[in-house]
Every structure is written in structure tokens, then in C-alpha cells.
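The values are calculated or read from the model by the stated rules, or taken from the named source; none is laboratory data. Owing to the predicted nature of the structure, the values given are computational and were not obtained by experimental measurement. Cβ placement follows ideal geometry from the backbone for every residue including glycine, while neighbour counts extend to all protein chains displayed. The accessibility values were calculated without ligands, DNA or RNA, using every heavy atom of the protein model including side chains. Shrake-Rupley method; radii C 1.70, N 1.55, O 1.52, S 1.80 Å.
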Amino acid sequence: MVRVKKALRIGLLLLVLIISLLFLSRNLIVKKIFSKTSARIKNRYGLTVTASAVEVKGLNTLQLQNLLIVDTDTLLCSESFRIKLNPFHLVLLKINPKQIDISRATINIDNLIAQASKHTLQSSNERKNESSSNKRLYHLVKAFFGLSTATFNINNLHFTYSDSAYTGKVTIEKWSYSNNNFTSTLTLNDGDRASRVTVTGTTSKRKNSLTATVTTEQPEAYIPFTTPFLGVKASFKKIFLDLNATHIEPGRIELNLVSSINSLLLDGKRIAQKPVIIDSCGANMKIRAIPNSFVIDSLSTVSLNGFKTNLGFEYNPLPNRYVRFTLNTGENSWQSLFDALPKGLFTNLWGIKVNGTFSYSLQVGVPLTNPDSLTIAPNLKSKGFYVLSYGNTNLAMLADTFTHRAYIDNVYVRDIKVNPKSASYASLDQISPYLQWAVITSEDGGFYNHRGFSLDGITYAMACNIREKRFARGGSTITQQLVKNVFLNQSKNIGRKAEEILITWITENSGVVSKERMLEVYLNIIEWGPDVFGIREASQYYFGKKPSSLTLPEALFLAYIIPRPAKFRYLFDTEGKLKPFVTESFMFVANKMLNRGNITQQDYNNLATNPLVTLTGPAKDLLKKESSLENIDSEGNFTEQEKETN
């Protein structure tokens, strides 16, 4: 017994001695660890990490003085950086910050982005490994809540970004924390615009939760960095965020996110020609990450100016990278949708009054490795819809006479009278049926059967865009093209496309304008060559005749050049004859016209015997002046166009 007690005393003395030695030499140990870690970072990422002083204060506080992280440029510099760790977690070798103090620090975002683009953080094998991906996500979420729920004391922390055309900065002037509650004052510099905001909120390590509210006393607070990254200037009045992790473990992460923004302003040509003002928008999402699946639950909701809809999303990275998207509005009044439209968008519809209810659901499945198998399943149920009064623009004008302002590349060219009394106008019965059906077959084969949209065209366009990783196809019907030409501008942005969709639906479903009238107006206003608008001018310019006298080959030619009227001369060789791929395309369209009963077998046989076109109008002079040296590959484009729209 005496020996046991003696051994225990010796062991205890040794433990005390070891702890004392470790405590006394803790700074040497920490400096050694810092040196080795800096060397690993240097070898792996090419970054130089230095500090003028590395030391431990007390038992569990690490302090770095004049911390500097440098690539070719400075990524981060901090006069003082202090981390207080939980002693219990430290014994278990867990890094879980209890308190973080930062003083006079700068993080250069532009340099961080440049550095990240040069170095890959994981090997390709790691990225393909599902298990390691799950672990990385788990550690990332744990680290986020570990840091976000720590006690922060910040004095002048700057986030900066600059390039040749832009300079922005976020400055956390003061960030203080007390009893799970934090408050902070930030200065936001977006180019030459500056604003101040107050951030207040609460955190809970036990619940893995973070709640924050950002407000400003100024008319608006500017959001830095959106211009260089999104091409959009943005501002707001209030932001609310509530993030809660209900489940965190390797292989399963569940998050609840509630957020809202008040008085959001977006100003950028990618969205709309004018600034867009959203009074309120928000989201209530249930997010789940499990092995081989990232999910936003289909019961999640998003709201826009009071209009709510369910939204779901699922991404399966393995084995074939599949994306699934769902949307369900439930039953709503049509008026509630129009009342929710943001100011600055849908300017033609602003103030419209309608009757009726609707429900809409959408399911989209996208196999990213095989876009051609993409599926779209929309379902719109409308009851009692009719227009009580139009807003800024009377959409029923399509059924009456009006003056159309023609633009090319958003530059005004001239007015076009949509009036049977105009010498340049041709009513539908004055236009060759060959031309009518050639245009319909080439541009929108289902024109007389759909209600404004071609599901096959949209599906093909989406698949093509995903495959080519750019907006290569639009999938627009004749109705959509008509709406774009008459009511909208030629800009390619989200706002214009969204307004086009709504106006198209109203045009097709209000019963005010017939299909025949839509086609007639379309054929009389579209561009058909250099300062050539409408079928009467086109018939005269190319063939010196009236639209009613157009032959089948001439009609096919005019239909062919609609997407590219300025390049008609490149369809001819140096001898003035159509290139072979053009005549092959004529036969392709004519075969469809024959199968649909738009032309006779004799018409088709005559075309097969002589598919050539001879320009006899003023266009032939332009053909002589400019040699057709440009060898455009129109055959593939034309064939794809047929698949897209028919």
C-alpha cells in the first residue's frame, strides 16, 4: 500500500512537472507549430504566412501580432489577432473558438479570388470521392457555426475589392458581443457611394443558430461588390436572417433558413433597362445534405411583394449529375400576381386589372451529363381570367391599327404603319400562302395549335444552352417574337424575357387577338434586310413583286433569312447562285410543309427539280457590290432551328 501511494505521488509530481514544463515552454511549442504550419501552406498554396509575435496568453489564448498572408500581393494583414479556445476542447484537440479578437485588419478579396483561381484546394480524386465530400461539408458547416457563434470583438476590420473599373470596401468599425447578443456598426463603400448600417443579433452554440438584422437610418444602404461580380448595383433598407442547424453529423446535415429583404433595389442591364424596386422579398427554406444529394425541400417557400410560392431543388452529383427543380404556387388570384410585380419590371403591365384565379406547377429534370434527356412538365390551371382594364399599355392594340417603332440593336430606325390603308402594309389575304406556311414551318411549326409557348421548343433550347454552356437558343414562338417586337426592347435580360412571357400569355388567352391577326402583324413589322421591314417591302426588295406573287422557292428564301436578314448575301456564291446547303435546307422545310398538307406533291417535285432563287429586285445590286467571301455555317444552325421550333 505504501509503495502504491509512493508511486502515485511520484506520478503526480511528474505530471505536474510535465504540465509546468509545457506551460513554461508553450510559446516555443506554439511558435514551432506556427512555423511548420506556415511551411505547409507555403508548399501547398505558395502563400507566405508571417507574424512578428506568436505567443500564448494564459492557458488557452493564442495571440498573433502583425499577421501577414502574402501571395504576390497581400491577402490579409492584421495588427492583432487573438483566439481564445475552450480549455476542455483544447484537451480533446478540438479547435472550437470561444472568443475571437481582431484589431485593425484588412482582407483583400480581389487578391483572394486571384489566389484561389491558381490553386485547387482538393485533388481531383478527393472531389470525386463521395465520402470525403460529405466529410468536407460536415467540417465546413461545423466550422461555420463554430466561428459564427463565437464571441467576436472587432475593431476596424476591412474587406476590400478593387479592379481597373471598381473599388469597394466593407468596414466593420466595431463588433461587440455580450450574453449571446452582438451589435456592430459597418460602413459600406460601393464605388463612390457610401452608407452605414447597424447589425444586431443573437447566436447560440448549443442550438447552432444565428439570427441577424441589418438596418440603416439612411434612405438606402448600398451593397458592395455586386457590380464587379454580378454586373448589378444593389441597395436595401433592411435585411433579416435566421439560420439554424437542426442536425449536424457526417452524412446528414439539416438547416432551416428564414430570410427577408425590404426595399431592395437592383440596377443593371442584365436584369432590366431601368432600376428594379422590390418592396419585400424573402425565403423560408429547409435545406438537407445527405450522401449523394443536396436538397431544398419542396415545401420551402419564396415570396415576392407578398406573393408566395413553394420551391424545391435537388442536386445529385453522382453518378451522373442530376438536377431537379419544382415550383408550385397553389391557387391564387391573377390580380395578386400582377400586384406583386416589381417596379421597373413589367412596365407595360403596370396598373393592369384582371379577374380570375390560377394555380401553376412546374417540374424540371436536368441530367447534366445528357442534357438532351431534359424533361419539363408545366401545369397551369386558370379559371375565369379576363382583363378588366389594361395598364400602361393597351395590349389589345394588336387588334387595331397602330404605329410600330422599328429598332435594330435598340437603335430607333423608323415608324411602320400597321394599317391596311398604308401602301407598305399587306393583309393576310394579300400574302402568298407559300410565304405564310414557310415562315410558320421555319419559325414556329405549332403556331396554330399552341397557346403562346412551344414546350418542345423550350425543352430543346434549354438542352442546347446547357450543352453549350451559354444562352445559345431562346425557343421563342411567333407570338413571343411579335410581343418582343411590338411591346418590348431587344435587350437580352431577365426582366425583358419575364415580361415577354406574361404578355404572350395574356395575348393568347384574352381572346382579343386572333392567330391570323398575330401572323399578319408579325409579317408586316419584322426586319427582312437593310432598312427593309415587312413582307411588302421584302417582296419588292428581293424579287420586285407583290407578296401575293411569291413562289415557293422565294417564300422559302424569305423565311430562311428571318433570323439573319443582314447576312442574306452570304447565302450566294460569287456567281450569284445559292450555296448548296441553302437549297438542302429548302428541301428540309418543304418536306415538312408537304407532310402537313401546306403544299402539294407537285409543288414539292417542282422545287426538287429547280430549288434555285434569283434576286431580281434592288437586293441584286448589293449582291454585286459585296463579294460573298464569308463562309458562314448556316446549315447546322438552320437544322437546329427546325428542331427547336417544330
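Summary of values
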quantity: Counted residues, region 212-247 - those being in contact (Cβ under 8 Å) with a residue 60 or more places away in the chain and farther than 24 Å from Phe182 by Cα; calculated: 3
quantity: Residues within region 448-470 that are closer than 17 Å to Arg596 by Cβ and either without any contact (Cβ under 8 Å) to a residue 60 or more places away in the chain or not in a helix (DSSP H, G or I) (or both), tallied; calculated: 4
quantity: Any hit, region 471-479, residues being under 21 Å from Asn524 (Cα atoms), out of contact with any Lys or Arg (no Cβ under 8 Å at 6 or more places or on another chain) and in contact (Cβ under 8 Å) with a residue 40 or more places away in the chain; calculated: yes
quantity: Filter result for the condition that a residue is among the hydrophobic types (A, V, I, L, M, F, W, C), under 30 Å from Tyr604 (Cα atoms), modelled with pLDDT of 95 or more and part of a loop (DSSP other than H, G, I, E, B), over Ala438, Ala426; calculated: Ala426
quantity: Complete set of residues in region 353-383 that are within 21 Å of Thr459 (Cα to Cα), open to solvent by 60 Å² or more (accessible area, probe 1.4 Å), part of a strand (DSSP E or B) and free of Cβ contacts under 8 Å to residues at least 60 places away in the same chain; calculated: Tyr360, Gln363, Asn379, Leu380, Lys381
quantity: Among the residues listed as Thr369, Thr329, Thr347, Thr357, the single one being of a type in the set (Ser, Thr, Tyr) and at pLDDT below 90; calculated: Thr369
quantity: Qualifying residue in region 591-611 (condition: over 40 Å from the mean Cα position of the chain (by Cα), open to solvent by 50 Å² or more (accessible area, probe 1.4 Å), modelled with pLDDT under 95 and within 26 Å of Gly529 (Cα to Cα)); calculated: yes
quantity: Count - residues of region 551-583 that are of a type in the set (Val, Ile, Thr) and not in a helix (DSSP H, G or I); calculated: 4
quantity: Any chance Asp415 is under 16 Å from Gly534 (Cα atoms) and either of a type in the set (S, T, N, Q) or out of contact with any Gly (no Cβ under 9 Å at 6 or more places or on another chain) (or both); calculated: yes
quantity: Selection status of Leu59, open to solvent by 50 Å² or more (accessible area, probe 1.4 Å), under 27 Å from Thr203 (Cα atoms) and either of a type outside the set (D, E, K, R) or modelled with pLDDT under 90 (or both); calculated: yes
quantity: Gly445 being part of a loop (DSSP other than H, G, I, E, B) and crowded, with 21+ Cβ neighbours inside 10 Å; calculated: yes
quantity: Which listed residue is without any contact (Cβ under 8 Å) to a residue 60 or more places away in the chain, crowded, with 22+ Cβ neighbours inside 10 Å and over 22 Å from the mean Cα position of the chain (by Cα), from Val439, Val483; calculated: Val483
quantity: Subset of region 405-422 [of a type in the set (Lys, Arg) and closer than 20 Å to Val483 by Cβ]; calculated: Arg405, Lys417
quantity: Pairs with Cβ under 7 Å, 6+ apart, first in region 417-431 and within 18 Å of Met397 (Cα to Cα), second open to solvent by 30 Å² or more (accessible area, probe 1.4 Å) and acidic (Asp, Glu); calculated: Leu428/Glu516
quantity: Qualifying positions in region 515-531 - at pLDDT 95 or above and over 34 Å from the mean Cα position of the chain (by Cα); calculated: Glu516, Arg517, Glu520, Asn524
quantity: So Gly511, is it in a loop (DSSP other than H, G, I, E, B) and either open to solvent by less than 40 Å² (accessible area, probe 1.4 Å) or small (Gly, Ala, Ser) (or both); calculated: yes
quantity: Every pair of residues 6+ apart whose Cβ atoms lie under 7 Å, when the first sits in region 293-316 and is within 20 Å of Asp339 (Cα to Cα) while the second is open to solvent by 70 Å² or more (accessible area, probe 1.4 Å) and of a type in the set (Asp, Glu); calculated: Asn305/Asp279
quantity: Positions within region 403-413 being in contact (Cβ under 8 Å) with a residue 40 or more places away in the chain and either in a strand (DSSP E or B) or surrounded by 13 or more Cβ atoms within 10 Å (Cβ to Cβ) (or both), in sequence order; calculated: His404, Ala406, Tyr407, Ile408, Val413
quantity: Filter result for Leu345 (surrounded by 17 or more Cβ atoms within 10 Å (Cβ to Cβ), hydrophobic (A, V, I, L, M, F, W, C) and either closer than 24 Å to Glu331 by Cα or within 28 Å of the chain's Cα centre (by Cα) (or both)); calculated: yes
quantity: Restricting region 489-508 to residues that are modelled with pLDDT of 90 or more and within 21 Å of Asp409 (Cβ to Cβ), the residue that is surrounded by the fewest Cβ atoms within 10 Å (Cβ to Cβ); calculated: Glu500
quantity: Failed condition for Lys417, given (1) in a loop (DSSP other than H, G, I, E, B); (2) more than 27 Å from Pro275 (Cβ to Cβ); calculated: (1)
quantity: Residue in region 522-534 that is open to solvent by 40 Å² or more (accessible area, probe 1.4 Å), without any contact (Cβ under 8 Å) to a residue 40 or more places away in the chain, outside any strand (DSSP E or B) and not β-branched (Val, Ile, Thr) present; calculated: no
quantity: Conditions (1) open to solvent by 40 Å² or more (accessible area, probe 1.4 Å); (2) within 21 Å of Asp110 (Cβ to Cβ): number failed by Tyr166; calculated: (1)
quantity: Matching residues in region 454-463 - criterion: being surrounded by 19 or more Cβ atoms within 10 Å (Cβ to Cβ) and among the hydrophobic types (A, V, I, L, M, F, W, C); calculated: Ile458, Ala461, Ala463
quantity: Some residue of region 320-334 being buried (at least 18 other Cβ atoms within 10 Å of the Cβ) and either on the phi > 0 side of the Ramachandran plot or in a helix (DSSP H, G or I) (or both); calculated: yes
